[in-house]
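The values are calculated or read from the model by the stated rules, or taken from the named source; none is laboratory data. The structure displayed is predicted, hence computed values, not measured ones. Cβ coordinates were reconstructed from backbone atoms using ideal geometry, including for glycine residues, and neighbour counts include every protein chain displayed. SASA here: full protein model, heavy atoms, side chains in, ligands and nucleic acids out. Shrake-Rupley method; radii C 1.70, N 1.55, O 1.52, S 1.80 Å.
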Amino acid sequence: MPTVPTLTLNNGVDIPQLGLGVYQVPPEDTQQVVETALELGYRHIDTAQMYGNEAGVGAAVAASGLDRAEVFVTSKLNNNRHDPQAALRSFDGTLDTLGFEYVDLFLIHWPLPAVGDFVDTWHALEGIYSSGRARAIGVSNFHAHHLHRLVEASTVVPAANQVEISPYLTQGPLRAANEALGIVTEAWSPLAQGAVLDDPVITAIAAAHGRTPAQVTVRWHLQRGDVVFPKSMHRARMAENLDAVTFALTSDEMAAITALDRGQRTGPDPDEFNWVPKG
Ligand code: NAD
């Protein structure tokens, strides 16, 4: 099994740098997909209340025969639960659904700047953290100005900021802002949902290494120092993505991929996204 490096969060908790994301994995398939990932050697699963598949993640960890402590599981607060009391209640629901006594990392999924004050929501997460039921807490889709406001008004600095990053959206300034605050950067949609896999620069580098474009892209994220969790439901692709830990890109190759930046998002700009599901 390939050895995945770990990063250490700002509270001393280790996080495997490569994991499996389960966004858009149907609930009925999630247990089998995550069991396959765990068999292959994945030890980090990224889910969310919004994905509706926490139950399958928890069932897979239970069925795997692994100790709970061997698998790093992240979940995220849904957008309709920013009210502090709702956040606390829904966190209890997350633990029940996963069948866990704790999660490794719990994130505010989106800042929702027009909906309410994410600082109030963060204070609820600080309470969860101090209860020990989340080993670390963090945020997702926070711009630097959101982070600065949060940090000024809080005791606990987020351990991670999970944001969209790919070769077409390299996020240099936001990654630097995270780093300056001691916040680990996590890269979501690391393959731009597949859009970068036909890029001629990436395919040429892949050919030079006898690797696939997906492996080259995952490797680029790892060498930048970000946490990454490409999504796949297929065993062969999961194995391929995990194998990105077994080779290295040159600094010229890294620079050539970073130069592909075109500010292209697959998802919304967090400053303009205020979608709240019903319920
Ligand atoms: P991704 O960039 O990981 O792309 C996934 C798609 O790439 C798959 O559907 C598959 O078609 C393709 N793919 C994966 N491995 C491949 C391979 N080896 N060869 C060829 N094609 C391959 O996109 P994503 O699922 O949007 O993002 C990954 C994870 O990031 C999610 O599952 C989720 O955990 C997280 N995420 C978080 C947020 C957030 O707001 N925090 C938003 C989106 C995604």
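Summary table
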| read-out | value |
| --- | --- |
| Of all residues making up segment 212-226, the number that are under 27 Å from Val13 (Cβ atoms) and either touching a helix residue (DSSP H, G or I) at 6+ places or on another chain (Cβ under 8 Å) or open to solvent by 40 Å² or more (accessible area, probe 1.4 Å) (or both) | 8 |
| Sole exception among (1) more than 24 Å from Leu20 (Cβ to Cβ); (2) in contact (Cβ under 8 Å) with a residue 40 or more places away in the chain for Asp269, by number | (2) |
| Any hit, segment 157-164, residues being assigned to a helix (DSSP H, G or I) and either out of contact with any Gly (no Cβ under 8 Å at 6 or more places or on another chain) or at pLDDT below 95 (or both) | no |
| Search result, residues across segment 164-185 that are small (Gly, Ala, Ser) and buried (at least 19 other Cβ atoms within 10 Å of the Cβ) | Ser166, Ala177 |
| Selection count where residues are open to solvent by less than 50 Å² (accessible area, probe 1.4 Å) and within 6 Å of the ligand (Cβ to nearest atom), scope segment 186-196 | 6 |
| Segment 201-215 residues that are within 14 Å of the ligand (Cβ to nearest atom), paired with ones that are open to solvent by less than 60 Å² (accessible area, probe 1.4 Å) and hydroxyl-bearing (Ser, Thr, Tyr) (beta carbon under 6 Å, 6 or more apart) | Ala206/Thr212; Pro213/Thr203 |
| Selection status of Glu272, surrounded by fewer than 22 Cβ atoms within 10 Å (Cβ to Cβ) and part of a loop (DSSP other than H, G, I, E, B) | yes |
| Ala177, sole failed condition from (1) within 15 Å of the ligand (Cβ to nearest atom); (2) more than 30 Å from Pro200 (Cβ to Cβ) | (1) |
| Count of residues meeting criterion [among the small types (Gly, Ala, Ser), more than 6 Å from the ligand (Cβ to nearest atom) and open to solvent by less than 60 Å² (accessible area, probe 1.4 Å)] in segment 227-243 | 1 |
| Subset tally (residues that are touching a strand residue (DSSP E or B) at 6+ places or on another chain (Cβ under 7 Å) and of a type in the set (Asp, Glu)) for segment 103-118 | 1 |
| Among (1) in contact (Cβ under 8 Å) with a residue 40 or more places away in the chain; (2) at negative phi; (3) exposed (fewer than 13 other Cβ atoms within 10 Å of the Cβ); (4) away from the ligand (no atom under 15 Å from the Cβ) - the single one Thr246 does not satisfy | (4) |
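Quick grid of which residues meet (1) more than 18 Å from Arg237 (Cβ to Cβ); (2) over 16 Å from the mean Cα position of the chain (by Cα); (3) surrounded by fewer than 16 Cβ atoms within 10 Å (Cβ to Cβ):
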{"residue": "Thr8", "(1), (2), (3)": "yes, no, yes"}
{"residue": "Gln24", "(1), (2), (3)": "no, no, yes"}
{"residue": "Thr30", "(1), (2), (3)": "no, yes, no"}
{"residue": "Glu70", "(1), (2), (3)": "yes, yes, yes"}
{"residue": "His82", "(1), (2), (3)": "yes, yes, no"}
